[in-house]
Amino acid sequence: MSLAASDRSKQPDNRTTMELGKVLPKTAEVHDGHLFIGGVDMVELAKQQGTALYVFDQADLEDRMRTFRSAFESRYPNSGIIFASKAFQNKEMVRLLAQEGLYMDSSGGGELACALACGYDPKNVFLHGNNKTERELREAIEAGVGRIIIDSRIELARISRIAGELGVVQPIYMRITPGVEADTHDYIITGSEDSKFGFTIGMDDFAFRCVADVLAAPHVELKGFHCHIGSQIFDLSSFREAAFIMVEFMARVNREYGLALDELDLGGGLGIAYKAEDNPPSIDDFAEMTTTAVRDACAQFGLPLPRLYVEPGRSLVANPGVTLYTIGIMKTLPDIRKYVAIDGGMSDNIRTALYGASYEPVIANKADQPRTEIITLCGKHCESGDVVVVDMPIQTPEVGDIVCVFCTGAYCYTMSSTYNGQPRPAIVFVKDGEARVVTRRETYEDLMARDL
Ligand SMILES: Cc1ncc(COP(=O)(O)O)c(C=O)c1O
């Protein structure tokens, strides 16, 4: 595979690092040409810890968690913020969630195990997944997770059986596919026949009919409904539409099944700025839209206000995270492109190869200079599609420079691999001038540890 032809329309831009706006972690600064985050010099940190290296601005993380909580609680006191661990998880992150009073969405056995290992309260865990295994379900029910979001009737039977064997009644939500599909640019109503997730609202009233099965299952208690309409959403009207459909569904279930369900989880999906020109809605805008939509719909359908949850992932962790690399090789193909090869790539950031993600790169040791060259930042892996940044401006690159790629806090570490025997990077949290390694770099021994 080769890359699409270089985008000749791309112009170098004269912006320096601090002009990249919403892309930057909140504490980003430039001193004497060096990029600082959390009061720590990224060039020095790269030298001390080696590259590739994930770095998180802890103050920014904490600030976003508090902003999410206050944005919702000030408008809608009976609400909770559930962090989607799939976006980023390690033990320090779990501790931060507990410290800041956030709930946790766990979508796999390992995520739950990490939470439990940190002493995180299982009652605050919401377990997701379209095909949770027998083992995952048993471990979760045994641990006493707060809610399991069920995805199918097959799973319903499985959960009810396991809960019965363990002598408990498991609180659950049904995941509803509300027929609102949203993506970065647009949203369309599809009727949602084509989704592997959840109970479809369309298709002959499938979700509504399945409520009867849920009520007949002996060892589960239906507490409410969940939906998740997509990710990296800029158009808030998609959330408004989903909230309306969900409240309407809830009101109908309450009326026709004689239930008083009072919990609603609207999922995640708020978009963020990956590029300097991106202008996503703020957390406050998102809270205003969703809480107003739920209030309006409840008033229209005569439903008391439910407890409301949202499940942000990316919008909490993407911008506070960056990845540092060292330039090892450069290759200029006249009239094609300039490749700048770094000591990481698709093993620490698969998003560009996977779905054409795009990022803003800077050279951390030239952070005060304008970005006058257009380059493609390629990785060190044996795939032509191993790129992190395609045709983006950067300062004049030289071998040995430290590159910082912004907005890599979400879905990079959690999707990382050891392709080509590449040990996964360490993770460093920086705050108030201090750098703490919170996940050590993987070693060659780690790579072989499971081999018999
Ligand atoms: C069920 C569920 N909740 C929350 C999220 C988090 O989404 P985002 O990171 O876009 O906020 C996801 C992401 O795929 C999801 O599947």
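Applied to the range 384-397, the Karplus parametrisation 6.51 cos²θ - 1.76 cosθ + 1.60 on θ = phi - 60° returns per-residue 3J(HN,Hα) values of 5, x, 7, 10, 10, 9, 10, 6, 10, x, 8, 5, 4, x Hz, with x for Gly and Pro. Here the 3J(HN,Hα) profile of the range 72-85, calculated from phi with Karplus coefficients 6.51, -1.76 and 1.60 at θ = phi - 60°, is 7, 5, 6, 9, 8, x, 8, 9, x, 10, 9, 7, 7, 4 Hz, Gly and Pro shown as x. Note on Ser384 and Glu44: the extension gain reaches 119.3 nm, defined as 0.36 nm multiplied by sequence separation minus the Cα-Cα distance. Taking all pairs of distinct Cα atoms, average 1/r, flip it, and tell me the Kirkwood hydrodynamic radius of the chain in Å to one decimal place. Taking every pair of different Cα atoms in the chain, averaging 1/r and inverting gives 23.2 Å. Over all projection directions, the Cα-based convex hull of the range 9-166 averages an area of 14.3 nm². In this structure the amide hydrogen of Ala410, modeled in the peptide plane, comes within under 5 Å of the amide hydrogens of Ala318, none closer than 5 places in sequence on its chain.
Applying 1/(1 + (r/R0)^6) with r as the Cβ-Cβ distance of Thr332 and Ser237 and R0 = 56 angstrom yields a FRET efficiency of 0.80. Rounded, prolate or oblate: which fits the range 308-441 when a ≥ b ≥ c are the square roots of the eigenvalues of the alpha-carbon gyration tensor, with rounded for a/c under 1.5 and prolate only if a/b beats b/c? Taking the square roots of the gyration eigenvalues as a ≥ b ≥ c, the range 308-441 is prolate. By the scheme Lys and Arg +1, Asp and Glu -1, what is the net charge of all other residues having a beta-carbon under 15 Å from that of Lys47? Net local charge, Lys47 excluded: -3.
Distances between placed amide hydrogens fall under 5 Å for Gly267 paired with Cys227, Glu311, all partners being 5 or more residues away or on another chain. Take the alpha carbon gyration tensor of the range 59-316, find the square roots of its eigenvalues, order them as a ≥ b ≥ c, and report rounded if a/c is under 1.5; if not, report prolate when a/b exceeds b/c, else oblate. Judged from the Cα gyration tensor, the range 59-316 comes out oblate (a/c at least 1.5, b/c at or above a/b).
Judged by the mean number of other Cβ atoms found within 10 Å, the most tightly packed of the peptides 408-416, 441-449 leads the ranking 408-416, 441-449. Excluding same-chain neighbours fewer than eight residues apart, the aspartates and glutamates reachable from Lys132 by a Cα-Cα span under 17 Å are Asp105, Glu111, Glu142, Asp151, Glu155.
The modelled label-to-label distance for the pair Leu447/Asp432, using points 7 Å beyond Cα in the direction of Cβ, is 3.9 nm. Phi-derived couplings, Karplus 6.51 cos²θ - 1.76 cosθ + 1.60 at θ = phi - 60°, listed residue by residue for the range 426-434: 6, 10, 10, 9, 10, 6, 6, x, 10 Hz, with x used for Gly and Pro. Calculated [222 nm] ellipticity per residue, helices only, for the chain: -9000 deg cm²/dmol; basis is -39500 (n - 2.57) per DSSP H run with n ≥ 4, divided by all residues, nearest 500. Comparing Cα centroids, the range 43-67 and the range 70-120 end up 19 angstrom apart.
Beta bridges assigned by DSSP with both partners in the range 59-316 are antiparallel in approximately 10 percent of cases. Only beta bridges with both residues in the range 80-216 are counted; by DSSP, about 20 percent of them are antiparallel.
State the antiparallel share, in %, of DSSP beta bridges confined to the chain, rounding to the nearest 5. Given both bridge residues lie in the chain, the antiparallel proportion sits at roughly 50 percent. Annotation: amide H of Thr177 within the under-5 Å range of Phe199, Thr200, Ile201, sequence separation 5 or more or interchain, hydrogens built in the peptide plane.
Each value in this text was obtained by applying a stated rule to the coordinates, not by laboratory testing. Quick caveat, the model's predicted, so the values are computed rather than measured. Glycine also receives a Cβ, built like all others from the backbone with ideal geometry; neighbour counts cover every protein chain displayed.
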